[in-house]
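The values are calculated or read from the model by the stated rules, or taken from the named source; none is laboratory data. Everything numeric here is computed off the predicted structure, so don't read it as measured data. Note: ideal-geometry Cβ built from the backbone for every residue, glycine included; neighbour counts use all protein chains shown. With ligands, DNA and RNA removed, areas are computed over all heavy atoms of the protein, side chains included. Shrake-Rupley method; radii C 1.70, N 1.55, O 1.52, S 1.80 Å.
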Amino acid sequence: DAMVIQNPRYQVTQFGKPVTLSCSQTLNHNVMYWYQQKSSQAPKLLFHYYDKDFNNEADTPDNFQSRRPNTSFCFLDIRSPGLGDAAMYLCATRGPNWANEKLFFGSGTQLSVL
Amino acid sequence: DQQVKQNSPSLSVQEGRISILNCDYTNSMFDYFLWYKKYPAEGPTFLISISSIKDKNEDGRFTVFLNKSAKHLSLHIVPSQPGDSAVYFCAASSISGGYNKLIFGAGTRLAVHP
């Protein structure tokens, strides 16, 4: 049973057209992450939520926004996608106790920008 | 500024032999390390972890070794099986430093051939 679900699996958008990726979880985890992974590169953290507290990475472009309306759902909004934003976007969750905990990942959304 | 480095992008091993995947890190605050495995079109899945109070952790065919003085860890898979063919990511965090995030390496693609 999928515990972290990302929709859609594949998303095609046009240059400059806003797009939203979604993530839901059944684990009731309070921490949720969005990572961007480009081909053959390390997954790069964009931001994370600790409960409702939003934590943006210093080098995340302003073009990327996020919303977390409740524990179960988290959204990644790309306001004006550029060709360089084509990537796999990974959502992950974990519980509050970091020691001996691990991140659970969804299957990712592969974003193409035309 | 890559804090976690996997310098071998790929590794090919014969079935039944040992696979050794390496990872180096630069941040001396890191005290918690994980290995994730990723199949194509799927999200990363947790494999094994180690905290800095240990120098070895074993789980079945998988063993992770940590050398803190060298800032180096390695994942050993013995014996290697064709189903182990995947991309392996090393990741690190600092629990004592209050990090809420994992920093990933770029991954090593392991191919196990008969």
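Odds and ends about this structure:
- About the Cα centre, charge dipole magnitude for the protein assembly as shown (Lys/Arg +1, Asp/Glu -1 at Cβ), debye: 160
- Considering only A:Leu76, A:Tyr50, A:Ser112, the residue lying farthest towards the positive end of the dipole of chain A is A:Ser112, judged by Cα position with unit charges set on Cβ.
- Here the relative contact order of region A:4-96, from alpha carbon pairs under 8 Å that lie six or more residues apart, stands at 40 percent.
- Split the accessible area of region B:4-113 by element, probe 1.4 Å, and carbon with sulfur accounts for 50%.
- Computed over chain B, relative contact order equals 37 percent, with contacts defined as Cα pairs under 8 Å that lie 6+ residues apart.
- For the chain pair A and B, the interface hides roughly 1700 square angstrom of accessible area in total, found with a 1.4 Å probe.
- Proximal lysines to B:Lys54, defined as alpha-carbon separation beneath 26 angstrom and excluding residues fewer than eight positions away on the same chain: A:Lys102, B:Lys5, B:Lys37, B:Lys38, B:Lys68, B:Lys71, B:Lys101
- Eligible lysines near A:Lys17 by straight Cα distance, threshold 24 Å, same-chain separation 8 or greater: A:Lys38, A:Lys44
- The calculated FRET efficiency for A:Thr20 paired with A:Ser40, based on their beta-carbon distance and R0 = 35 Å, is about 0.85.
- Average accessible area per residue (Å²) across region A:4-96 - probe 1.4 Å, nucleic acids and ligands excluded: 47
- In chain A, the inverse of the mean reciprocal separation of distinct Cα atoms equals 14.2 Å; this is its Kirkwood hydrodynamic radius.
- Farthest toward positive dipole pole in region A:4-96 [+1 Lys/Arg, -1 Asp/Glu at C-beta], among A:Ser66, A:Asn7, A:Ala86: A:Asn7
- Distant-in-sequence amide H partners of B:Gly107 (H built 1.01 Å from N, under 5 Å): B:Gln6, B:Cys90
- 3J(HN,Hα) couplings calculated from phi for region B:44-59 with the Karplus curve 6.51 cos²θ - 1.76 cosθ + 1.60 (θ = phi - 60°) are, in sequence order, x, 10, 5, 10, 6, 9, 8, 9, 6, 7, 10, 10, 7, 9, 10, 8 Hz; Gly and Pro show x.
- Computed E for A:Thr60/B:Asn27 - FRET, C-beta separation, R0 22 angstrom, nearest 0.05: 0.65
- In order along region B:82-92, the Karplus-derived 3J(HN,Hα) couplings, from 6.51 cos²θ - 1.76 cosθ + 1.60 at θ = phi - 60°, round to x, x, 7, 5, 5, 9, 10, 10, 8, 9, 9 Hz, and Gly and Pro are given as x.
- Across every pair of non-identical alpha carbons in region B:1-107, the mean reciprocal distance, once inverted, gives a Kirkwood radius of 14.0 Å.
- Model label points for A:Asp51 and A:Ser72, set 7 angstrom from Cα along the Cα-to-Cβ axis, are 2.1 nm apart.
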